[in-house]
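The structure appears right after this line, and notes come after that.
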Amino acid sequence: MKILQKICFVLLLGTFSSVYGGDCGDGDVGDCLVKAALGESWAQYNLGYMYENGQGVIQDYKQAVKWYTKSAEQGDVKAQHNLGWMYDKGQGVIQDYKEVVKWFRLASEQGNAPAQIKLGAMYWFGQGVLQDFVMAHMYFNIAAVSGHDRAIKGRGIVEKKMTSSQIAEAQKLAREWMRAH
């Protein structure tokens, strides 16, 4: 019976949004729900964003996390990034630095420089990971290649706590990471 109810729900939403010409990218919640229910990662991300920011819906962090998670698990880099922030702030979920690291690491591997900067900070402060200045420097360095000022500044700050051999190791790891990703 539940499957039949879900099918009817999706059909009704599909009919409603097609009658009104909805477009999920324009904030049409009905259209987003239909496309998200059908597994469209970008629609799931958009729905998460709408719930996080109260755009077209009542702000609901738990719903934002739900939809971001569905999208992030399909590899959507923006959803991975935003989900990382939800765990960092404890919005809709219990604050969990290990989850922050997990989602930012995935976004980082897809070239998301803000996620790389955040990972650098996580290693700098030992949040969700063991404190490791070499890894902090590596992630700051990777993001700095993209020209991000915060990454360049973070790298400079962490270097003051490191030996020259640690800096050399971090630079080597950054080069290897860049080749692999």
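Tabulated values for the structure
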| read-out | value |
| --- | --- |
| Three-way shape label, segment 28-70, alpha-carbon gyration tensor, a/c 1.5 | oblate |
| Shape of segment 126-181, Cα gyration tensor, a/c cut at 1.5 | rounded |
| Estimated 222 nm signal from helices in the chain, with DSSP H stretches of n ≥ 4 weighted -39500 (n - 2.57), rounded to 500 | -23000 deg cm²/dmol |
| Degrees separating the helix 97-109 axis from the principal Cα axis of the chain, which is the longest one | 90 |
| Order of Val158, Val129 - criterion: other Cβ atoms within 10 Å of each residue's Cβ, fewest first | Val129, Val158 |
| Spatially proximal aspartates and glutamates relative to Lys102 (Cα-Cα < 16 Å; intrachain offsets below 8 disregarded) | Glu73, Asp76, Asp88 |
| Cα gyration tensor shape of segment 59-122, rounded if a/c is under 1.5, else prolate or oblate by comparing a/b with b/c | oblate |
| Gyration tensor over alpha-carbon atoms, segment 92-155, equivalent ellipsoid semi-axes in Å | 19, 13, 9 |
| Cβ-based exposure ranking for Asp149, Asp60, in which fewest neighbours within 10 Å come first | Asp149, Asp60 |
| Local electrostatic count at Gln63 - Lys and Arg +1, Asp and Glu -1, tallied over other residues with Cβ under 14 Å | +1 |
| Translational diffusion of the chain, µm² s⁻¹ [Kirkwood Rh, Cα pairs; Stokes-Einstein; 4 °C; 1.567 mPa s] | 73 |
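Each reported figure results from applying straightforward, stated rules to the coordinates on display, with no laboratory input. The model shown is predicted, which means the values in this text are computed figures rather than measured ones. Using ideal geometry, Cβ is built from the backbone for each residue, glycine included, and neighbour counts are taken over all protein chains shown.
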